[in-house]
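The values are calculated or read from the model by the stated rules, or taken from the named source; none is laboratory data. Note that this is a predicted model, so its numbers are computed, not measured. FYI the Cβ positions are ideal-geometry reconstructions off the backbone, even for glycines, and counts take in every protein chain you see. Protein only, heavy atoms only, side chains kept; ligands, DNA and RNA dropped before computing areas. Shrake-Rupley method; radii C 1.70, N 1.55, O 1.52, S 1.80 Å.
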Amino acid sequence: MVALALLPWAHRAWSERDGRVTTKKTPPNHDEGLSCSDLEKPKPSDDTQRSETQDQQSESGTELLRTRISKARDLVSNRLKDIRGGSVDPQIWEKIEELLILADVGVHTTMETVTRLRAAVEDQSLSEGGMVLDQLKSQMVTELSRDRALQTVAPKGGVPIWLFVGVNGVGKTTSIGKVARRYTDEGLKVLLAAGDTFRAAAAEQLEQWALASDAELVRGSEGADPSSVIYDASEAASARGVDLVLADTAGRLHNKVNLMEELAKVRRVADREPGEVCEVLLVIDATTGQNGLSQAREFAHAVNVTGVVLTKLDGSAKGGIVFAIEKELGLPVKLVGLGEGDRDLVDFDPDLFVEALFGND
Amino acid sequence: MFQSLTDRFDGILNRLRGKGRLTENDISEATREIRLALLEADVHFSVVQGFIERTRERCLGADVSESLTPGQQVVKIVNEELTTILGGESFQVTYSSKPPTVVLMAGLQGSGKTTSSAKLARWFKSQGRNPLLVAADLQRPAAVDQLQTLAQQIEVPVFTAPEGAIEAARGGLVEARQTGRDVLIVDTAGRLTVDDALMNEIAGISDAVEPDYTFLVVDAMTGQDAVNTAEVFHATLELDAVILTKLDGDARGGAALSVKEVVGRPVAFASTGEKLQDFDQFHPERMAERILGMGDVLTLIEKAEEVFEQEAAEAATQRLLEGTFTLNDFVEQLRQVRQMGDLSSIVSMMPGVPKEVKDADVDEREIDRVEAIVLSMTPEERINPDVVDGSRRARIAKGSGTTPNQVSNLLKQFKEMRKAMKGLAGLGSKSKGRKSKTKKGKKGKKNSARGGNSRIQPKETTAIPKLDIDDLDLTLPGR
């Protein structure tokens, strides 16, 4: 009954408001927003003022920027050099922690990893920084050993359905396009289900991917029930002898209860005859920080995620959060997106991932 | 396992607050915790280091004010440092004297540029402007369709040209001048900072339209890479400000701190929901306050102002305080509160709301149910719920698709709330002395009497959160 809790509060806020404004207890900026009269007649002086302040800003800004760019860029490679060249001293652990945190591995997982590394290093009495680094890499690779096979055949003989889920803007639709390409290349008959009926033009986007990847498409109207679109798709797939259905869903933030319930329903309905859900792939953007763990936990809880697709790994972000996701939740990363081309989707390789995590070592 | 930054700071600072005097050890412990909290919130590593150094120095330094306890001092310093990083003042838009005022949107793929472009257009409209949108994202399939669909909802025209992004932008500028549009918003394709060709393209767009404002759209969930992204875009385009999106998620948004600190540009707007109106100017000092556990009171008040029709609200408030508040008023208020945006985001802005309530799943459908129950009542029942007996209750339940139990629960809670509000009226009035004491006694009893649903009125609600840090009596809500 949150509404009931909310109501008195809103009223207090409202009735307090007058008091605040008159007694000027409000922080000064409260009334500083653009008032209508300012907007109607832009003062001629505004422009010159703005360009002046901008010039000042940009001068100090560029200088600041120059130093800072080099600072951030050098951070990783300097740390690596330090570690490789140095001996095993107390600082080395801090440097390794920094490296992992900078790659978005997260504080908690970083601490655990470094504790285990320390034990191993002491055990084997390693003495050089380079050896420690290699030990770290092999330790991380070992921790990433997991079954990553993708199921294209339904165990119970239904139409295999893959569900793509994730928060907004991670690249679900694009990943579907790429997966479609991959399996049509292998000679499978693939059908795309436009289950994102919420975002404007999401179905059009998927339609273009269907064209590009020689896949079929089933779509509903905007605002339609995503479950019914996906169910229609599985019926159509069964009728047309399709080998694999890739179902798109609308992006949703994992803390929205109703949207997560909707997704759970989509999964239940997709699992009905003739369909059979074989993979539920959580798409995660490599730039995602610690929130990725929260996303994975909530989606796993709602729809029983079977694997992760890590997208946009071709950028400067390292995607270290998936290491934490694998370790803490046991969700395997199955696919990695490396670009905008339709064949830029590859199987996850722990060795390459760990290597890339540490940049150009 | 993770707590929000706010919760963490609450915890740390509460520990400090209990002490009379701070030792160097205390400060080390506090800064260590703050460091972890900031890192878990995705604040960039080097930004955290700077923050911690400054905080520690100032805590250890001589500028300990005599009027504050050491605990208050740390709260104050942390708050000031956070506010410094976040930028101090809100961003102001100044319109070009030679319209149109050109706004260029830039960012990584999936950060929310297209949606933000439409939301920004809506915002300019609400400011009395006539925006024109340019769809210069020719990269992503159907991006133009997406912008057109959104633009239709807010009745803003879209210009595009299939030849290329730069041509579209240039053409949009001409179109805006010809059709008398005074704001031009150019939506561009998402691009990675390592993609030189696309970074050159956006530099070309920028040269073609000479934007008055270049906004970088940043996802609040971004990790350590936010700094790198902002740096490269800033080096290419000379950014003016940042638009922070997806703040309605549970990410702690440390990226905002990082970006501000590293490129020195403020967050101008923040997007807090999927609806086009869930978009607002960003108030940096409020974000700092939110992190410190004071809740985003000011934003909420402004939202309330926007939505509540003043007279109606005042009349309802009056009735509420007099105890003659009816179920009609109640439903009306519910609807208005919902207009303010997503319930969970409103709840998260409120100070003093116990953590359990914030974490509780806010089920919007529950409110639908409440509404349905009230709407299934006769006018008489709505004004005087005491007339509802067993048979009426059964009828209402049937009409609203609920159970008689749910109906009586609602009525019970409504009556309790009405009583509680009547009590509050006494507390809130200026004669605080004698009268409020007696009322307080009464209210206290009721508080304890209320059972599982006592979320309604956390004790703290009697203490209106103060926004002035100096006035802060350090009973921060939420404890």
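Within the range A:160-212, being away from every other protein chain (no Cβ under 12 Å), small (Gly, Ala, Ser) and open to solvent by less than 10 Å² (accessible area, probe 1.4 Å) holds for A:Ala180, A:Ala193, A:Gly195. Just to be sure, is A:Val336 under 27 Å from B:Leu39 (Cβ atoms), within 18 Å of the chain's Cα centre (by Cα), part of a loop (DSSP other than H, G, I, E, B) and more than 13 Å from chain B (Cβ to nearest Cβ)? So A:Val336 fails the test. Taking the range A:286-302 as the range and being out of contact with any Asp or Glu (no Cβ under 7 Å at 6 or more places or on another chain) and among the aliphatic types (A, V, I, L, M) as the test, the residues that pass are A:Ala286, A:Ala296, A:Ala300, A:Ala302. There is no residue in the range A:81-95 that is buried (at least 21 other Cβ atoms within 10 Å of the Cβ), assigned to a helix (DSSP H, G or I) and of a type in the set (Gly, Ala, Ser). Taking residues in the range A:320-336 that are without any contact (Cβ under 8 Å) to a residue 40 or more places away in the chain, and partners anywhere that are of a type in the set (Asp, Glu) and open to solvent by 10 Å² or more (accessible area, probe 1.4 Å), the pairs with Cβ atoms closer than 9 Å and at least 6 places apart or on different chains are A:Val336/A:Asp347; A:Val336/A:Asp349.
Table: residues versus (1) open to solvent by less than 10 Å² (accessible area, probe 1.4 Å); (2) within 10 Å of another protein chain (Cβ to nearest Cβ); (3) among the hydroxyl-bearing types (Ser, Thr, Tyr).
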{"site": "B:Val158", "(1), (2), (3)": "no, no, no"}
{"site": "B:Glu163", "(1), (2), (3)": "no, no, no"}
{"site": "B:Gln178", "(1), (2), (3)": "no, no, no"}
{"site": "B:Arg191", "(1), (2), (3)": "yes, yes, no"}
{"site": "B:Asp207", "(1), (2), (3)": "no, no, no"}
{"site": "B:Pro211", "(1), (2), (3)": "no, no, no"}
{"site": "B:Asp225", "(1), (2), (3)": "no, yes, no"}
{"site": "B:Ala230", "(1), (2), (3)": "yes, yes, no"}
{"site": "B:Lys246", "(1), (2), (3)": "no, yes, no"}
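Can you find, within the range A:289-307, the residue that is farthest from the other protein chains (Cβ to nearest Cβ) among those that are among the aliphatic types (A, V, I, L, M) and assigned to a helix (DSSP H, G or I)? If we take residues in the range A:289-307 being among the aliphatic types (A, V, I, L, M) and assigned to a helix (DSSP H, G or I), then A:Val303 is farthest from the other protein chains (Cβ to nearest Cβ). Every test in (1) outside any helix (DSSP H, G or I); (2) open to solvent by 30 Å² or more (accessible area, probe 1.4 Å); (3) among the aliphatic types (A, V, I, L, M) is passed by A:Ile284 save one, and that test is (2). As a summary of the residue check, B:Asp42 satisfies the conditions (1) within 11 Å of chain A (Cβ to nearest Cβ); (2) farther than 24 Å from B:Arg265 by Cβ; (3) crowded, with 21+ Cβ neighbours inside 10 Å; (4) modelled with pLDDT of 75 or more except for the one numbered (2). In the range A:187-204, of all residues being small (Gly, Ala, Ser) and out of contact with any strand residue (DSSP E or B) (no Cβ under 8 Å at 6 or more places or on another chain), the one that is farthest from A:Val269 (Cα to Cα) corresponds to A:Gly187.
Assessment of the range A:314-327 against the conditions (modelled with pLDDT of 95 or more and more than 16 Å from the chain's Cα centre (by Cα)) yields no matching residue.
Within the range A:149-177, which residues are within 29 Å of B:Thr245 (Cα to Cα) and of a type in the set (Gly, Ala, Ser)? Hits for the range A:149-177 are A:Gly166, A:Gly169, A:Gly171, A:Ser175, A:Gly177. Restricting attention to the range A:308-333, the residues that are in a helix (DSSP H, G or I), open to solvent by 40 Å² or more (accessible area, probe 1.4 Å) and charged (D, E, K, R) total 2. Selection of first residues in the range B:380-392 that are surrounded by 11 or more Cβ atoms within 10 Å (Cβ to Cβ) and of second residues that are assigned to a loop (DSSP other than H, G, I, E, B) and of a type in the set (Gly, Ala, Ser), restricted to Cβ pairs under 7 Å at least 6 apart or on distinct chains, gives an empty result. Contact annotation: residue pairs with Cβ atoms under 8 Å, 6 or more positions apart or on different chains, pairing a residue in the range B:136-154 that is buried (at least 19 other Cβ atoms within 10 Å of the Cβ) with a partner that is of a type in the set (Lys, Arg), are B:Asp137/B:Lys113; B:Gln146/A:Arg199.
Which of the residues that make up the range A:238-267 are touching a residue at least 40 places away in the same chain (Cβ under 8 Å), part of a helix (DSSP H, G or I) and open to solvent by 10 Å² or more (accessible area, probe 1.4 Å)?
Across the range A:238-267, the qualifying residues are A:Ser238, A:Arg240, A:Met260, A:Glu261, A:Arg267.
Per the listing A:Ala237, A:Ala202, A:Ala180, the residue uniquely under 23 Å from A:Leu263 (Cβ atoms), at pLDDT below 95 and not acidic (Asp, Glu) is A:Ala202.
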